[in-house]
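Below is one structure; the comments refer to it alone.
The values are calculated or read from the model by the stated rules, or taken from the named source; none is laboratory data. Because the structure is a prediction, the values reported are computed rather than measured. All Cβ positions, glycine included, derive from the backbone under ideal geometry; neighbour counts span all protein chains shown. Accessible surface areas use protein heavy atoms only, side chains included; no ligands, DNA or RNA. Shrake-Rupley method; radii C 1.70, N 1.55, O 1.52, S 1.80 Å.
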Amino acid sequence: MAALIQTLSDHSDDVNCCAFSASRLATCSLDKTVRVYSLSDFSELPYSPLRGHTYAVHCCCFSPSGHALASCSTDGTTVVWDAGHGRVLAVLGQPGGSPVRVCRFAPDSTALLAGAADGSLAIWSTRAWKLCRSGNVKDGSLVACAFSPNGNFFVTGSSCGDLTLWDDKMRCLCNEKAHDLGVTCCDISSQPISDGEHGFRYFQMVSCGQDNQVKLWLILFEDFLGAELKYKYTLNGHSAPVLACAFSCDGQMLVSGSVDKCVIIYETSTGNTLHTLSQHTRYVTTCAFAPCSPLLATGSMDKTVNIWQFDLQQPSAGNTVEKEPRVPVEDWSEDDVSAWLRAQGLEEFVGLFKKNNIDGKELLNLTTESLANELKIESLGLRSKVLHKIEELREKTICAAGAAPDEFLCPITRELMKDPVIAADGYSYEKEAMENWLSTQRRSSPMTNLPLPSLLLTPNRTLKMAISRWLETHQK
C-alpha cells in the first residue's frame, strides 16, 4: 500500500512543482517562494524559503549531484541556488524576457535548459552561467521538457500539443502531435530498454495533456540515423486534464496527477493501476519520485505537498509475477532466489540456479567468471544481464543496511565510490565518472564550475580503505 507519511502546508498559494535530490525536497509556488526540506525528517532547512523571484515560481529542479537547485518564474528568469546554503549562484534572464515555465539540468550537470511561454528555449552553460544556444518550438508555449539519461537528446512539449525531440546541438530531430488540447508534462525514464531482437536500446517517455490522457512512448535515438518517436499505449483512469507525470527512478512505475484531484500510480510494463490516491482537495499540479528512497511527493492547488511511502516491488492487481522476498538477501532460500529471478524477468534461469543450489549468500557472490565457468552460461549477453540484476541487488542490500556517509558518494553520480580519485579542485570523485567528465573536453570542476589547473587524478587510497571498511561492516 502507498501510505501518506507527511503533509507540508507551508506555501500560502498553489504549489506548482516539487523535486527531489538524494537528501532534499524542493517545492515552489504561486506565492513566489521556493521551499527546501530535509528528507531525514521533512523539516524545512534554515535558509528556506528562498525569496528571489518577483512573480510566481512555476518549476524547480536539482542538478544530478544535488548541489545546485534551479527555479524559474513568470518574472522571466531562472535562478540557480546553492542547495547547501541557499545563496544565489546565478540569475539567468530568458531571451525575450518571457515567463519561464520549465527548467531541467542535463544529466552530466554541464547545462541547464529553460523553456518559456513565448516558445523560446535557452540552454545555459553551468560552467560560467552563459547562454550556449537558443531556439523556439514551432507553435505555442513551451510547458514541458526532459533530458534523455545519456544527455544525447531532450524532448519538449508545447501548449499546442506537440512533442519535439532535439539533439544536444538543439537541432530538431522529429516532431509529433501528441495531445490534441496541449501537452502539460513529460518525462523520460532513466532506464533504457532493449528490444532483444535487433539490439536497439529504446528510451521510454511518458506525456500527459489537457485531453485527459497519459501516453507512453518509445524513443529510438541513433547518432547517424536521427531519432524516432513511437506511440506505445494510453494509460486510462483520469476524468479531467492531466497536469503532471513522472517515472520512478527504476522506470518500473510512473505517476500522474490531474484536475480530477487524483494521483494514479501505474506499473509501466503492463499499464495496470497500482494505486489511486485521492487526498488532495484541489487540482494536482505536480508529482515526483525520490531517486534513492521509496517516496513520492504530490503537490496541489490546495497549497499542500503530500509525501507518500510505498513498496517499490509491489505488483499490480492480477499480476502473477512473484515479489522479491522481504527477508535479508543473504538469508534467502533457494526458493526466495527463484522468486527474485521471476520478478526480474529471468525465469529461464530458475532451473539452473536450483540445480546449483544458489541461495541468497551464493547469489550475492556470483561473478562473471562463476556464471561462465560454474553455471555454464555461455552467452555473454545473458551473463551481463544476470550480473547487472545482481549488482542492483547488492546496491539495494547495502542501502538497506544504512545510508552511506555523503563523503563516500561521488559528487557526479551520487553513487558509492569504488575507485576514488582526487582532482585538482581538491574533491574526490569516482575515477570512471571523472574521466568521462574530462573526456568531453571539460576543464572545469564538477563541484565549483571553476577551471581546473590540472587534469591530474590522484588515487585516494585513504578514502578507498574507509569505504571498504564501511562496506565490510554493512554487508555482515
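Within the range 250-292, the set of residues being within 21 Å of Ala240 (Cα to Cα), part of a loop (DSSP other than H, G, I, E, B) and small (Gly, Ala, Ser) comprises Gly271, Ser278. Note on the range 164-178: residues that are acidic (Asp, Glu) and either touching a Cys at 6+ places or on another chain (Cβ under 7 Å) or farther than 13 Å from Lys138 by Cβ (or both) total 2.
Which residues, taken from the range 86-122, are over 28 Å from Asn436 (Cα atoms) and touching a Phe, Trp or Tyr at 6+ places or on another chain (Cβ under 8 Å)? Selection gives Gly86, Arg87, Val88, Pro99. Considering only residues in the range 357-381 that are part of a helix (DSSP H, G or I), among the hydrophobic types (A, V, I, L, M, F, W, C) and at pLDDT 85 or above, the one that is surrounded by the fewest Cβ atoms within 10 Å (Cβ to Cβ) turns out to be Ala372.
Restricting attention to the range 96-133, the residues that are open to solvent by 20 Å² or more (accessible area, probe 1.4 Å), at pLDDT below 95 and within 18 Å of Asp187 (Cα to Cα) total 3. Apart from one condition, His275 fits all of (1) closer than 30 Å to Met170 by Cα; (2) modelled with pLDDT under 90; (3) open to solvent by less than 60 Å² (accessible area, probe 1.4 Å); the exception is (1).
Only one entry of Ala433, Ala404, Ala424 meets the criterion of being modelled with pLDDT of 80 or more, of a type in the set (A, V, I, L, M, F, W, C) and not in a helix (DSSP H, G or I), and that entry is Ala424.
When the residues of the range 230-249 are filtered to those that are open to solvent by 20 Å² or more (accessible area, probe 1.4 Å) and part of a strand (DSSP E or B), the one that is nearest to Asp167 (Cα to Cα) is Lys230. Any chance the range 55-67 includes a residue that's farther than 25 Å from Arg127 by Cα, assigned by the TED database to the domain that holds Ile265 and not charged (D, E, K, R)? Yes, the conditions are met somewhere in the range 55-67.
Scanning the range 8-24 for residues that are among the polar types (S, T, N, Q) and either modelled with pLDDT under 95 or not assigned by the TED database to the domain that holds Val57 (or both), we see that the one that is farthest from Arg101 (Cα to Cα) is Ser23. Going through the range 53-66 one residue at a time, which ones are over 15 Å from the mean Cα position of the chain (by Cα) and either surrounded by 20 or more Cβ atoms within 10 Å (Cβ to Cβ) or of a type in the set (Phe, Trp, Tyr) (or both)? Listed by number, the residues that qualify are His53, Tyr55, Val57, His58, Cys59.
When Gln204, Gln210 are checked against the criterion of being assigned by the TED database to the domain that holds Ile188 and under 15 Å from the mean Cα position of the chain (by Cα), Gln204 stands alone in meeting it. Take the conditions assigned by the TED database to the domain that holds Trp81, touching a helix residue (DSSP H, G or I) at 6+ places or on another chain (Cβ under 9 Å) and open to solvent by 40 Å² or more (accessible area, probe 1.4 Å) and apply them to Asp139. Does it pass? No.
Scan the range 98-134 for residues that are at positive phi and touching a strand residue (DSSP E or B) at 6+ places or on another chain (Cβ under 6 Å) and report the count. Residues flagged as at positive phi and touching a strand residue (DSSP E or B) at 6+ places or on another chain (Cβ under 6 Å) within the range 98-134 amount to 2.
So is Asp302 modelled with pLDDT of 85 or more, of a type in the set (Asp, Glu) and in a loop (DSSP other than H, G, I, E, B) or not? It is true that Asp302 is modelled with pLDDT of 85 or more, of a type in the set (Asp, Glu) and in a loop (DSSP other than H, G, I, E, B). Which one is modelled with the highest pLDDT among residues in the range 441-476 that are open to solvent by 80 Å² or more (accessible area, probe 1.4 Å) and among the β-branched types (Val, Ile, Thr)? By that ranking, first place goes to Thr462.
Taking the conditions exactly as written (touching a residue at least 40 places away in the same chain (Cβ under 8 Å) and hydroxyl-bearing (Ser, Thr, Tyr)), does Thr281 satisfy them or not? No. Go through the range 246-269 and give me each residue that's hydroxyl-bearing (Ser, Thr, Tyr) and either outside the structural domain of Thr298 (by the TED database) or at pLDDT 95 or above (or both). Ser256, Ser258, listed by residue number.
Counting the residues of the range 68-85 that are of a type outside the set (S, T, N, Q) and touching a Gly at 6+ places or on another chain (Cβ under 8 Å) gives 4. Checked against the criteria, Trp217 does not count as surrounded by 17 or more Cβ atoms within 10 Å (Cβ to Cβ), modelled with pLDDT of 95 or more and assigned by the TED database to the domain that holds Val255.
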